[in-house]
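Everything on this sheet refers to the single structure shown next.
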Amino acid sequence: MGSLETPTGSGPSAGNGKSTSVDAAEAPPEPDMSKRRRSSVLPLEVGTRVMCRWRDSKYHPVKVIERRKVSNAIPGDYEYYVHYTEFNRRLDEWVKLDQLDLDSVEAVVDEKVEEKGASGLKMTRHQKRKIDETHVEGHEELDAASLREHEEFTKVKNIATIELGRYEIETWYFSPFPPEYNDCLRLYFCEFCLNFMKRKEQLQRHMRKCDLKHPPGDEIYRSGTLSMFEVDGKKNKVYGQNLCYLAKLFLDHKTLYYDVDLFLFYVLCECDDRGCHMVGYFSKEKHSEESYNLACILTLPPYQRKGYGKFLIAFSYELSKKEGKVGTPERPLSDLGLLSYRGYWTRVLLDILKKHKGNISIKELSDMTAIKAEDILTTLQSLELIQYRKGQHVICADPKVLDRHLKAAGRGGLDVDVSKLIWTPYKEQS
Ligand code: ACO
Ligand code: ZN
């Protein structure tokens, strides 16, 4: 479901077709030699780089991340889990041998091969705890050893597909579901309480009993068919944990946090007469020392590229305005997260600059939008709208340049109607 294309336009360049064609044209291998060479590289080692036929029927460079035996009867009958080196990790997948161009095998082994079979994802309790303890921490916060450990245990997607409401959704990344779910490729979620099950019949039985028709917690916004619910992780622990398991399937380099007590979850729903169907969410720390106003954000793949992401971002800033604070998203941002934030910041800031004919300071922009000054500065710098004069940053806003940038910034996203937001900032209840 959803667009799985690489978003940054870094698709394979023309020269990256089937790379062997050049070599083959210069020195076609003897058929016998080629055969011998092929069998001598099999089974491929983890770490091997080779060309692989993708869903666009073209060949792209991949690195073998893992391998598993398909059949014990046929020696050397393996399939391979590959990472397309030009694409985001969400496109990693299991491929069959006939998708690989063995003549293009480049280099072998930078990792030790381990025979793990299909369920080679089991973590020791220690490893699992280490990952669990490192809440939503990204690259830079993990030391090298923890990062290696994290990547080792998250390198192969465990759940391939989920069913949620009326959607069947292909997952993007590993998510550390409890060990009893290690043996299943598909999970069935109740779209309201987010409990997950291994079998469809279990879900059907559950749906007859489950009396939720919307996320637990308070509805703090309703405009047309769109609603936002605020769920307190402390009051709805299981829901919070289920949401984290679900979200991790689409978030890389974020590790799960079971202590959901410290977070509020803002769940966006499309409502109809069957209930409120989750579209996406963002989480927010109840108290953030780093002025984060958003920890994780997700739009479920069937709903992506429709403006919901920018709605969620705008919503997070509306909450900050009500708190009288500036805010910023927790780092690191994913590729799609960065694109969405850049688009949002550009549009919001340039609209104001246009209205004020550029006559406004970064501090004033920050006060009006609740966007942290650093984010304003980097956004305007990346658009080359900032000059450094006499030790000060000065905004240079030529109306024509602003219009050009606004056009390039894409659509605005769905609007938040602030008059429909009924909310007071979180206060710890004694
Ligand atoms: N290809 C190219 N550009 C894209 C893509 C894509 N697949 N997806 C989003 N964008 C860009 C576009 O510029 C788009 O604006 P446009 O449609 O006007 O051109 C903009 O991002 C946002 O579009 P929206 O429709 O408002 O956002 P969406 O509902 O798709 O949600 C989100 C964006 C939340 C980042 C979504 O892609 C997602 O859930 N991704 C997986 C989880 C993730 O990466 N979350 C961010 C992690 S960082 C953090 O949590 C702090
Ligand atoms: Zn339920």
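Screening MET278, MET228 for residues that are assigned to a strand (DSSP E or B), in contact with a strand residue (DSSP E or B) (Cβ under 8 Å, 6 or more places away or on another chain) and under 23 Å from THR424 (Cβ atoms) leaves exactly one candidate, MET228.
Could we say that GLU151 is charged (D, E, K, R) and modelled with pLDDT of 95 or more here? So GLU151 does not fit the description; no. Filtering segment 199-227 to residues that are within 15 Å of ligand 2 (Cβ to nearest atom) and in contact (Cβ under 8 Å) with a residue 12 or more places away in the chain leaves LYS200, GLN202, LEU203, HIS206, MET207, CYS210, LEU212, LYS213, HIS214, PRO215, PRO216, GLY217.
In segment 162-188, the residue that is surrounded by the most Cβ atoms within 10 Å (Cβ to Cβ) out of those that are part of a strand (DSSP E or B) and more than 16 Å from ligand 1 (Cβ to nearest atom) is LEU187.
Being in contact with a helix residue (DSSP H, G or I) (Cβ under 9 Å, 6 or more places away or on another chain) and within 15 Å of ligand 1 (Cβ to nearest atom) is the requirement here; does ASP335 meet it? No: the conditions fail for ASP335.
Across segment 312-331, a minimum of one residue is classified as surrounded by fewer than 20 Cβ atoms within 10 Å (Cβ to Cβ), part of a loop (DSSP other than H, G, I, E, B), at pLDDT 95 or above and out of contact with any strand residue (DSSP E or B) (no Cβ under 8 Å at 6 or more places or on another chain). If the condition is being modelled with pLDDT of 90 or more and either more than 12 Å from TRP94 (Cβ to Cβ) or of a type in the set (D, E, K, R) (or both), then segment 64-83 contributes GLU66, ARG67, ARG68, LYS69, GLU79.
On the basis of being in contact (Cβ under 8 Å) with a residue 12 or more places away in the chain, away from ligand 2 (no atom under 14 Å from the Cβ), assigned by TED's automatic domain parsing to the domain that holds THR299 and more than 21 Å from the chain's Cα centre (by Cα), does LYS248 make the cut? Answer is no for this residue.
When GLU230 is tested against the conditions (1) within 16 Å of ligand 2 (Cβ to nearest atom); (2) out of contact with any Cys (no Cβ under 8 Å at 6 or more places or on another chain), the lone failure is (1). Here ARG205 meets the list (1) assigned by TED's automatic domain parsing to the domain that holds GLY275; (2) touching a helix residue (DSSP H, G or I) at 6+ places or on another chain (Cβ under 7 Å); (3) assigned to a helix (DSSP H, G or I) almost entirely, failing just condition (2).
Residues that are of a type in the set (Asp, Glu) and over 15 Å from ALA314 (Cα atoms) within segment 368-377 comprise just one, GLU374.
The values are calculated or read from the model by the stated rules, or taken from the named source; none is laboratory data. For clarity, every value in this text was computed on a predicted model and none was experimentally measured. Quick reminder, even Gly has a Cβ in these numbers, built from the backbone with ideal geometry, and neighbours come from all protein chains shown.
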